[in-house]
Amino acid sequence: MRSRGHLSPLRVANFRWFFLGETINSAGSSMSGIALAFAVLAISDSVSALGWVVAAWTVPMVALMLLGGAIADRLPRALVLRGCNLVQGIVQACTAALVLTGTAEIWHLVVLQLVSGTVFAVSYPAFHGMVPVLLPKEERKAAFLLMGQAESGLSIIGPALSGVLVATVGPGWALAADAATYVVAAGFLSAVRLPLGARPDRQQSVLGDFAAGWSYVRSLGWVIPVASCSLVFNALISGSLGVLGPSIANDTIGGDGWGFARAGQAVGVFVSAFFLARLTMRRSLRACVLGFTASAVPMLLLGTWVNTVALAVGFLIAGAGLAVVNLSWSLTVQEKVPEHMLSRVMAIDGFFSFVAMPIGQLVVGPLAIAFGTRDVMLGSAVLCVVVGAIGATRPAIRNLELDGSSPDPP
């Protein structure tokens with residue numbers, strides 16, 4: 001599974017246009033979260049209002065993810081992505097216009113985020129089904145690593161740039177910049193030239209396609225066990241590191257220290273790609289679940305010794321683990337799943353990965369009140385390691401091995 005060079009996928013024109021489009025897309029998305037939050041707080045200085053806006057995006061994204069995978073497998077994925085980018089561009093342009101003109105109300109933003117979350121439910125599985133279509137097998141590992149590096153780099157630069165825009169010209173302009181990136185991304189994706197491809201397995205309806213995909217996933221035997229582990233991991237990470245982490249940091253290292261420490265995760269993803277490119281991954285699913293356990297390191301530090309530099313190193317280790325997770329899962333799916341099932345498999349995994357995140361965010365507060373913040377953080381670290389250890393011993397996860405073969409048709 002060795003690729004010919006770290007940048008070699010960019011020699012393929014279709015992938016190059018796809019990579020440019022999605023990188024531009026990620027650049028805008030990395031700015032929009034901060035901008036939208038400050039736009040909401042400028043309208044109503046209420047955490048509840050912000051919660052409604054965020055939930056308006058999350059709920060349809062999770063609820064419709066499975067159907068989104070069926071749609072993405074039913075239609076040409078490049079076309080789906082172009083359409084999704086254009087719709088997202090329109091949604092964000094409307095949001096920016098309302099904010100810039102001072103006419104935005106919370107219900108406006110809730111409705112627009114409902115549309116955005118619905119579109120993401122389709123674009124996410126379409127995006128994750130593209131690389132095996134665009135590149136030969138020997139180039140895919142390098143492509144996955146390259147995309148991970150681009151995203152991690154933008155996750156550092158984007159929020160900083162968004163903060164500057166919010167502080168100087170206001171959140172509306174940051175949202176307008178995000179809207180423009182969607183349109184530019186759609187333009188790059190229009191340059192991707194792929195045959196439409198026949199879908200002989202297509203059912204009479206999207207629901208039929210979903211049912212066929214679910215049946216196929218169950219027949220594989222390893223998707224649901226890995227996705228179930230991801231469900232627990234993401235609930236722990238979103239609750240402990242996403243909610244309790246800032247609270248602990250606020251009382252210790254402050255917001256600046258927390259921002260510096262969290263940047264270590266993106267650095268970990270970026271740097272680890274150079275090492276992963278030289279490794280041959282065989283027991284990929286075992287590597288996937290064990291990679292998640294690296295997030296226990298910053299949890300352990302937050303529960304015992306909160307130091308900015310140490311915490312940055314902890315998040316760097318967690319980022320390296322997440323790079324292993326993303327690469328191992330991507331390599332497994334592209335080898336073991338036929339092209340026409342890719343988006344449905346990724347949608348089912350995405351559904352399990354995302355569905356428990358709000359639960360983790362909601363329950364961690366009451367748990368911290370009942371048992372103490374530090375004890376809950378330490379408990380999360382322990383549970384993270386335990387779930388990883390149990391998952392790695394499951395036969396469906398432990399025994400799967402990559403061999404470089406092509407997937408068998410269902």
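We did not get these values from a lab; they are worked out from the coordinates using the rules stated. Everything numeric here is computed off the predicted structure, so don't read it as measured data. Glycine gets a Cβ as well: all are built from the backbone with ideal geometry, and neighbour counts include every protein chain shown.
Going by Cα centres, the stretch 220-299 and the stretch 17-45 are how many Å apart?
For the stretch 220-299 versus the stretch 17-45, the Cα centre distance is 22 Å.
For the stretch 256-410, give the magnitude of the charge dipole about the Cα centre (Cβ charges: +1 Lys/Arg, -1 Asp/Glu; no others), in debye to the nearest 20.
On the way: 10 positive and 8 negative charges, 48 e Å.
That gives a dipole near 220 debye.
Using only the alpha carbon atoms of the stretch 200-410, find the Kirkwood hydrodynamic radius as the inverse mean reciprocal pair distance, in angstroms to one decimal. Walk me through the intermediate numbers first.
Values: mean 1/r = 0.0551 Å⁻¹.
Across the stretch 200-410, the inverse of the average 1/r is 18.2 Å.
Could you work out [θ]222 nm for the chain from helices alone, using -39500 (n - 2.57) per DSSP H run of at least four and dividing by all its residues? Round to the nearest 500 deg cm²/dmol. Mind dumping the intermediate values first?
On the way: 19 runs with 318 residues, N = 410.
Value at 222 nm, helices only: -26000 deg cm²/dmol.
Given a Förster radius of 22 Å and the C-beta distance between VAL382 and VAL309 as r, what FRET efficiency does 1/(1 + (r/R0)^6) yield to the nearest 0.05?
Details: r = 24 Å, r/R0 = 1.10.
For R0 = 22 Å, the calculated efficiency reads 0.35.
For the residue pair ASP375 and LEU207, what label-to-label distance in nm results when each label sits 7 Å from Cα along the Cα-to-beta-carbon direction?
Label at ASP375, label at LEU207, 4.9 nm between them.
For the stretch 34-171, just run the numbers: alpha carbon Rg, then divide by 2.2 N^0.38 Å, N being how many residues it has. Show your work: numbers first, answer last.
Details: Rg = 17.1 Å, N = 138, 2.2 N^0.38 = 14.3 Å.
It is 1.20.
Note down the nm distance, to one decimal, between modelled labels 7 Å out along Cα→Cβ at GLU138 and at THR252.
4.9 nm
Projecting each Cα onto the charge dipole of the chain (Lys/Arg +1, Asp/Glu -1 at the beta carbon, about the Cα centre), which of LEU327, ASN250, SER152 comes out farthest on the positive side?
Going by the charge dipole, the pick is LEU327.
Can you tell me the dipole magnitude for the chain around its Cα centre, using point charges on the Cβ only (Lys, Arg +1; Asp, Glu -1), in Debye to the nearest 20? Provide the component values of the computation, followed by the final result.
Working: 24 positive and 19 negative charges, 236 e Å.
That gives a dipole near 1140 debye.
Quick check: convex hull of the Cα atoms in the chain, volume per residue, rounded to a whole Å³? Write down the numbers at each step before the final one.
Working: hull volume 53.9 nm³, N = 410.
Per-residue hull volume (Cα only) is 131 Å³.
For the chain, return all DSSP H helices satisfying: extent of Cα atoms along own axis at least 18 Å; mean Kyte-Doolittle hydropathy at least 1.6.
Helices passing the filter in the chain: 47-63, 223-236, 357-371.
If each residue of separation counts as 0.36 nm, what is the full-extension length gain between VAL363 and ALA13 once their alpha-carbon separation is subtracted? Don't skip to the end; give the middle numbers.
Working: separation 350, 0.36 × 350 = 126.00 nm, distance 4.69 nm.
Full-extension gain reported as 121.3 nm.
Along the positive direction of the dipole of the chain (beta-carbon charges: Lys, Arg +1; Asp, Glu -1; about the Cα centre), which of ALA347, SER295, PRO76 reaches farthest?
The residue sitting most towards the positive pole is PRO76.
Given the peptides 135-145, 151-161, 93-103, arrange them by the average over their residues of other C-beta atoms within 10 Å, most packed first. Working shown, then result.
Numbers: 135-145: 20.4, 151-161: 18.7, 93-103: 17.2.
Most protected by this proxy first, the peptides run 135-145, 151-161, 93-103.
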